[in-house]
Amino acid sequence: MISSVSGRSVVVTGGSKGNGKGIARCFANAGAKVVIVARHLDQAEAAAREIGNGASACAGDVTRLEDMEAAAKTAAARNGGIDVLCANAGVFPQARIEDMTPEQWDEVVDCNLKGCFLSVKACVPWLKKSDQPRIVLTSSITGPVTGFPGWTHYGASKSGQLGFMRTACIELARYGITVNAVMPGNIVTEGLEGLGADYLETMAASIPLKRLGSVDDIGHAAVYLASREAGYVTGQTIIVDGGQILPESLEALE
Ligand code: NAP
């Protein structure tokens, strides 16, 4: 097990469910001090209790800078600074271009892309003081690599995160802060399950490893990117998708 995140102060946005909860759990199991940030405090507190190992919760909406500054301040006060930000909060409602309203576009891009920027902005003052500062973004294969009907706004936001990352890692390198991204494929989360059984079955059949991913698959990748061992890795991505982006044809899946 990677041990160099032990004792580190970690903020996980969207940590009350799904990938964020898996990320929070993997860090907590590795000895890190975790603060979960989400809009619904009751759900974040329940997740923190379930995770244990000193994990705690804080209310915050990633689309509001004042919320994220307050969350960063709370996490720093609780755990003696911030060493790792996992900017994971995201939403993925579906709407095709012909039906999508400008408000629906804004909702997704505001949360997934602007929220990522605001989370980073709020945590950088604390990360600068860390001797092993890390930012790990949760992007996606959808957008940067693949497409799916109904997700133009989502795909744009997830590609946008990678564009953000490639300049952020250069700007923040002077502080020793690394910025990397995990790109999940189809991971069993509360959000994904909301897309229905047909979606889940179709996806599982299109994955060479023949299963959907688990939130721990994403958590382990995030812990690696936050570790001392990954200290020379910045501006990079790890695809965690069971091989889903690779098949050229149905024959390749036989
Ligand atoms: P999920 O199960 O729906 O959980 C979403 C989490 O984000 C919840 O904790 C939610 O809590 C929080 N959240 C949503 N909007 C927020 C906001 N404005 N401010 C703060 N927190 C907010 O989703 P998931 O499937 O775990 O997805 C998490 C991330 O993984 C997203 O960035 C998503 O794009 C990415 N991803 C997921 C998959 C997948 O297959 N599941 C694949 C690729 C990428 P509140 O509602 O209480 O705020």
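The values are calculated or read from the model by the stated rules, or taken from the named source; none is laboratory data. No experiment lies behind these values; they were computed from the predicted model shown. Don't worry about glycine lacking a Cβ; one is built from the backbone with ideal geometry, like all the others, and counts go over all protein chains shown. When the accessible area is computed, the model is the full protein with side chains, heavy atoms only, and any ligands, DNA or RNA have been set aside. Shrake-Rupley method; radii C 1.70, N 1.55, O 1.52, S 1.80 Å.
Would you check which residues across region 112-149 are in a loop (DSSP other than H, G, I, E, B), surrounded by fewer than 20 Cβ atoms within 10 Å (Cβ to Cβ) and away from the ligand (no atom under 14 Å from the Cβ) and list them?
Residues satisfying the conditions are Lys128, Lys129, Ser130, Asp131, Gln132, Pro149.
Determine whether region 14-23 contains at least one residue that is hydroxyl-bearing (Ser, Thr, Tyr) and over 25 Å from Lys121 (Cβ atoms).
no
Out of all the residues in region 1-50, which are in contact (Cβ under 8 Å) with a residue 40 or more places away in the chain, closer than 21 Å to Ile177 by Cα and either open to solvent by 30 Å² or more (accessible area, probe 1.4 Å) or in contact with a Leu (Cβ under 9 Å, 6 or more places away or on another chain) (or both)?
Across region 1-50, the qualifying residues are Ile2, Arg8, Val10, Val11, Val12, Thr13, Lys33.
I'd like the full set of residues that are away from the ligand (no atom under 15 Å from the Cβ), open to solvent by 20 Å² or more (accessible area, probe 1.4 Å), in a loop (DSSP other than H, G, I, E, B) and not hydroxyl-bearing (Ser, Thr, Tyr), limited to region 61-102.
Result: Gly80, Asp83, Arg96, Ile97, Glu98, Asp99, Met100.
Restricting to region 163-217, what's the tally of residues that are among the acidic types (Asp, Glu) and in a loop (DSSP other than H, G, I, E, B)? Show your work before the answer.
Within region 163-217, the subset among the acidic types (Asp, Glu) is 171, 190, 193, 198, 201, 216-217.
Those still in the list that are in a loop (DSSP other than H, G, I, E, B) too: none.
Number of matching residues: 0.
Within region 48-60, identify whether any single residue is in a loop (DSSP other than H, G, I, E, B) and touching a Phe, Trp or Tyr at 6+ places or on another chain (Cβ under 6 Å), and answer yes or no.
no
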